[in-house]
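What follows is a single structure, written as C-alpha cells, with notes after it.
The values are calculated or read from the model by the stated rules, or taken from the named source; none is laboratory data. Please read all numbers here as calculations on a predicted model, not as lab measurements. Please note: Cβ atoms are built from the backbone with ideal geometry, for glycine as well, and neighbour counts cover all protein chains shown. Accessible surface areas use protein heavy atoms only, side chains included; no ligands, DNA or RNA. Shrake-Rupley method; radii C 1.70, N 1.55, O 1.52, S 1.80 Å.
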Amino acid sequence: ERIVSDVLQKILEGLSGAALHDARRVAEKAANVLSSKAPLCKDIRVGNKRKVVALFGPPGAGKTTAAAKIAAGFALKRGHRIVWVTTDDHHVGALDQSKAFVQIIGVPLEIAHSEAEMQAVLDHHADAQLILIDPPGCGAGQTNECERQRRLFEAAGVTEVQLVIDSMIGPDHMLDLVEVSSDFP
C-alpha cells in the first residue's frame with residue numbers, strides 16, 4: 001500500500017489535467033517512479049574466496065541465458081575459473097542447452113540433483129573462483145521445488161542468489177517471486 005500510495009502521489013505531482021487521462025503517459029510516469037524505487041542491481045564480485053551464485057526464477061524467465069552471459073563474462077573477459085552447475089532435471093532440452101553454452105564458453109558443466117551430488121561437484125572443483133548454479137524454474141506456487149532448490153543452494157554454500165524475472169509478467173507475479181526468493185541470500 002505504501003508503494004502504491006507513493007507512486008500515485010508522484011504521478012499526481014508530475015501530471016495534471018488532460019495528461020491524467022492519457023493512459024500511456026500515466027503508465028510511463030508510473031514505470032519511471034517504480035524503476036527509480038527498485039533496488040540497484042549488484043554486480044557479481046569475485047575475489048580471493050570462491051563465490052557460489054545461484055539463479056532463481058520461474059520457468060522460461062531466462063536463467064540459463066543469464067548463466068551463459070555471466071559465465072562468458074567471467075571466463076572469457078576476466079579469465080576466472082568458472083564451473084556451471086545445472087540442477088534442472090525437469091525440462092526437455094535443458095541439459096543440451098547448457099552443454100551448448102559451456103562448449104562455446106569453454107567452462108566445465110556439472111550436474112547435481114541432490115545435496116550429495118552438489119557437495120561432490122564443489123569438492124571436485126575446489127580451485128574454481130565462481131560456481132554458477134542454474135536450476136529449473138520455480139514459480140511462487142511450487143513450494144516443493146522451491147524447497148528442493150533451497151536445500152541444494154544451502155548444500156552448495158550459496159553466497160548470492162540472483163532473481164531472474166521475465167519483464168513480460170505482471171507486477172503481482174513479480175512481487176510474488178520477490179517474496180518467495182526473500183529466504184535466499
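A few points about this structure:
- Net charge contributed by nearby residues that have their C-beta within less than 9 Å of residue 127 (K/R +1, D/E -1): +2
- Its residue count N fixes a reference of 2.2 N^0.38 Å for the range 65-185, and the Cα radius of gyration divided by that reference is 1.06.
- With contacts taken as Cα pairs under 8 Å and at least 6 residues apart, the chain reaches a relative contact order of 29 percent.
- Cα-Cα over 23 Å, subset of 29/69; 69/99; 77/99: 29/69
- Overall form of the range 58-124 per C-alpha gyration tensor (a/c, 1.5; a/b vs b/c): oblate
- Ordering of 49-59, 2-12, 141-151 by packing [mean C-beta count within 10 Å, highest first]: 49-59, 141-151, 2-12
- 1.4 Å probe accessible area per residue over the chain, in Å²: 59
- Springs between Cα atoms under 10 Å define the GNM used for the chain, and in it the highest mean-square fluctuation of 46, 102, 33 occurs at 33.
- Relative contact order of the range 72-128: 39 percent, from C-alpha pairs under 8 Å at least 6 residues apart in sequence.
- The GNM of the chain, with springs linking C-alpha atoms under 10 angstrom apart, assigns the highest mean-square fluctuation among 31, 67, 94 to 31.
- Kirkwood hydrodynamic radius (C-alpha pairs) into Stokes-Einstein, the range 1-106, 10 °C and 1.306 mPa s, D in µm²/s: 91
- Overall dimensions of the range 86-129, expressed as equivalent-ellipsoid semi-axes from the Cα gyration tensor (√(5λ), whole Å, largest first), are 19, 16, 5.
- Of 17, 60, 47, the one that fluctuates the most in a GNM where the chain has Cα springs shorter than 10 Å: 17
- Counted charge near residue 140, where neighbours are those whose Cβ lies closer than 12 Å (Asp, Glu -1; Lys, Arg +1): -4
- Cα pair distances exceeding 12 angstrom across the range 122-167, given as percent: 68
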